[in-house]
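Before any comments, here is the structure.
The values are calculated or read from the model by the stated rules, or taken from the named source; none is laboratory data. Being a predicted model, the structure only gives us computed values, none of them experimental. So basically every Cβ, Gly included, is an ideal-geometry build from the backbone, and we count neighbours across all protein chains shown. For accessibility, only protein heavy atoms count, side chains too; no ligands or nucleic acids. Shrake-Rupley method; radii C 1.70, N 1.55, O 1.52, S 1.80 Å.
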Amino acid sequence: MASLSADPKLRSTVLADGLRLAGEFTVWTLGQLPPEARTARLLDLSELTRLDTAAAWYLVGRQAEGVRLDGLDQSRARLLETVRRALPRPDAETAGPAGWRLMLEQTGRRMAAALVFLREIAEYLGRFLAALARAIRHPGDFRLTSLVWHIQETGLRAVPIVALMSFLIGVVLAFQGAAQLRQFGAEVFVIDLIAISVLRELGILLTAIIVAGRTASALTASIGSMKMNEEIDAMRTLGLDPDMVLILPRVLALVITLPILGLIANLAGLAGGALMSWIELGISPSMFRYRLLADTSVDHVIVGLSKAPVFALIIGIIGCHAGMKVGKDAESLGAETSRAVVNAIFAVIVADALFSIFFAEVGL
């Protein structure tokens, strides 16, 4: 036998087949174990004067590895058994559902997540309406400068891309319509095709999709970055209402500017269709204008522009909701920005389909 440690609290002695521990074996002396304790297959504990739960936990772990413990009296054996029973046990892994059960479970989870999302969107819509009512009752609380700035960002800066997109859509409609109607000698009806398509559906729908991709991401990024930097918490600390400061100006700016952008898109689409009709079919601008005013009902314009405020609410609420859900890291900001754009575009298309069904039922 050879002595390895002269520490008065914990002494260890190498045996032929293991290690003998003597003195106090506690949480304070665990670090005094010699390196041989890692490979010893037997631990003689007969000379211990004190044993606490930390050391008992160590011994239980070594016993689970196949190490034999000798020299334990009855009280210390009960302590080890108590620690062993208190150790956490991993839950038994159960086989998950497979096949059609897995498909049903995933479908149910997605439906539950969709319902939670709709509930949160309804909550943010209510917060916007409450903030709007407060601004009407107390105009001094409303920030007009913020509204004007957001109108410029979401409306004025979007005019070039919206006008160009609608102009090209009118050109494409005129060209494709002329190619098909020429087979029946009905080229003149391309004017009706362009007018109804642009004024009723494509003008405002494509404008809303562009705004959803451009503005929903901007709303999420701006509010989300403030959330990451804890600026929204600072607003609440200063007594400012985030609904009044952040949500109301942004959504209200969209409600004001989207109908204007839709009107610009309609005019640009008609201009593109008139130009291509003149080039491809020889229909003069005066003839195009006459047929447009004579055969196109103003109901198509009303139907198209009446969708704009609803689309604006959808885009603004989804963008603000996603911004408020951003976490503390940049990864969360990127994920919520992408999710906001996808959700806004999808919701706009679904709303447009519902509008089409509604207007068809009421005869517009």
**OP:** Sort through Ile210, Ile232 and tell me the only one that's touching a Pro at 6+ places or on another chain (Cβ under 7 Å), under 30 Å from Ser332 (Cα atoms) and either assigned by the TED database to the domain that holds Val348 or not in a helix (DSSP H, G or I) (or both).
**Re:** Ile232
**OP:** Return the residue satisfying two criteria in turn: it lies in the range 183-197 and is more than 12 Å from Trp278 (Cα to Cα) and in contact (Cβ under 8 Å) with a residue 24 or more places away in the chain, and of such residues it is most open to solvent (accessible area, probe 1.4 Å).
**Re:** Ile196
Subject >> Pairs with Cβ under 7 Å, 6+ apart, first in the range 280-302 and over 30 Å from Phe359 (Cα atoms), second open to solvent by 60 Å² or more (accessible area, probe 1.4 Å) and in a helix (DSSP H, G or I) >> reply: Glu280/Phe175; Ser284/Trp278; Pro285/Trp278
Subject >> Residue among Leu147, Leu181, Leu173 that is assigned to a helix (DSSP H, G or I), assigned by the TED database to the domain that holds Leu263, touching a Leu at 6+ places or on another chain (Cβ under 9 Å) and over 23 Å from Gly262 (Cα atoms) >> reply: Leu181
**OP:** Tell me which of these Lys328 doesn't satisfy, since it passes every other one: (1) assigned to a helix (DSSP H, G or I); (2) open to solvent by 40 Å² or more (accessible area, probe 1.4 Å).
**Re:** (1)
Subject >> Residues of the range 131-140 satisfying the condition of being open to solvent by 60 Å² or more (accessible area, probe 1.4 Å) and either assigned to a helix (DSSP H, G or I) or not assigned by the TED database to the domain that holds Ile317 (or both) >> reply: Arg134, Ile136, Arg137, Pro139, Gly140
Original post:
Failed condition for Glu105, given (1) surrounded by fewer than 17 Cβ atoms within 10 Å (Cβ to Cβ); (2) without any contact (Cβ under 8 Å) to a residue 60 or more places away in the chain; (3) over 24 Å from the mean Cα position of the chain (by Cα), with all others met?
Top reply: (3)
Original post:
For Glu65, which of the numbered conditions (1) surrounded by fewer than 10 Cβ atoms within 10 Å (Cβ to Cβ); (2) of a type in the set (Asp, Glu); (3) touching a helix residue (DSSP H, G or I) at 6+ places or on another chain (Cβ under 9 Å) fails to hold?
Top reply: (3)
**OP:** Could you look through the range 286-342, keep only residues that are among the basic types (Lys, Arg) and under 30 Å from Gly273 (Cβ atoms), and pick out the one that is modelled with the lowest pLDDT?
**Re:** Arg291
